[in-house]
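Asker: Pasting a structure here, questions to come.
The values are calculated or read from the model by the stated rules, or taken from the named source; none is laboratory data. What you are looking at is a predicted structure, and each value in this text was computed from that prediction instead of being measured. These accessible areas exclude ligands, DNA and RNA; they are computed on the full protein's heavy atoms, side chains included. Shrake-Rupley method; radii C 1.70, N 1.55, O 1.52, S 1.80 Å.
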Amino acid sequence: MSEPQGTESREGTEDTEGTTKRLPVLEKTSAAAGEHEPPPPLDDTENEAGRTGRFWSSRRIPAGIVALLLFVVAGAFLYDIASVRADRPAMRWRRELAGQLAERPLDDIWVLVGAGVAAAVGLWLILLATTPGLRAVLPMRRTHPDVRAGLHRDAAAMVLRDRAMEVAGVQSVRVRTGRRKAQVRAVSHFRELDDVHGDLDAVLTEAIRALGLSRPLALTVHVARTGRKG
């Protein structure tokens, strides 16, 4: 009976003396490993020059309303024009509208009201088209050229509130964050108010810096003493 050939295993080979030798391990390096490395971070000068503005809102609801209204109005006029082209009389509402526009003077109250409403709607649409929106999202500083991030104002307020509660002597904290300012109202039940105010100012200033916002929030701190019962 002949022995099977190829008695080598993954761990090693056995020679004629019964000793086992480990096979050499070949390490393979990928030539494309450098393609998946993260982009280099921006330096301080690029951070200062590359401050980002607010995020732009998609305005889905206003755009949908305007598109629906235009679709309805344009569809009604096209149907009426097609009806007239087919030797049918124009719709009653278009005949009355044309008669009212021809008979009413420009200083009529309803003409002025209609013009005012149309102007207000037009200004509103222009405002929506030229402003970014998303006031609740604070843009963060860009540390990489291809990454842009934002922080919700409620999340920023929660972080500042948690950091403020770590200060000794603080019993409760209320934080309101706007687009450019953070207002902190704390209640202290022991320690001097000036000491608590100074610690809060230092801790929250560092916390705002750690948020990494493109425009750091201006900090306003108010500290009061708890009211005594009875």
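Asker: Each residue of the range 117-125 in order: what ³J(HN,Hα) in whole Hz does its phi give by Karplus 6.51 cos²θ - 1.76 cosθ + 1.60, θ = phi - 60°, with x for Gly and Pro?
Answerer: So the Karplus estimates, Gly and Pro as x, are 5, 4, 5, 5, 5, x, 5, 4, 5 Hz.
Asker: On a C-alpha basis, how far is the centre of the range 102-130 from the centre of the range 64-83 in Å? Whole number, if you could?
Answerer: 19
Asker: Can you give me the long-range amide H partners of residue 152? Hydrogens built in the peptide plane at 1.01 Å from N, cutoff under 5 Å, separation of 5 or more residues or another chain.
Answerer: 138
Asker: Over the range 61-130, what percent of the accessible surface lies on carbon and sulfur atoms, probe 1.4 Å?
Answerer: Details: 4340 of 5850 Å².
Reported share for carbon and sulfur atoms: 74 percent.
Asker: In what order, largest first, do 103, 206 sit by accessible area if the probe radius is 1.4 Å? Mind showing how you got there, number by number?
Answerer: Working: 103 145, 206 90 Å².
The ranking, largest first, comes out as 103, 206.
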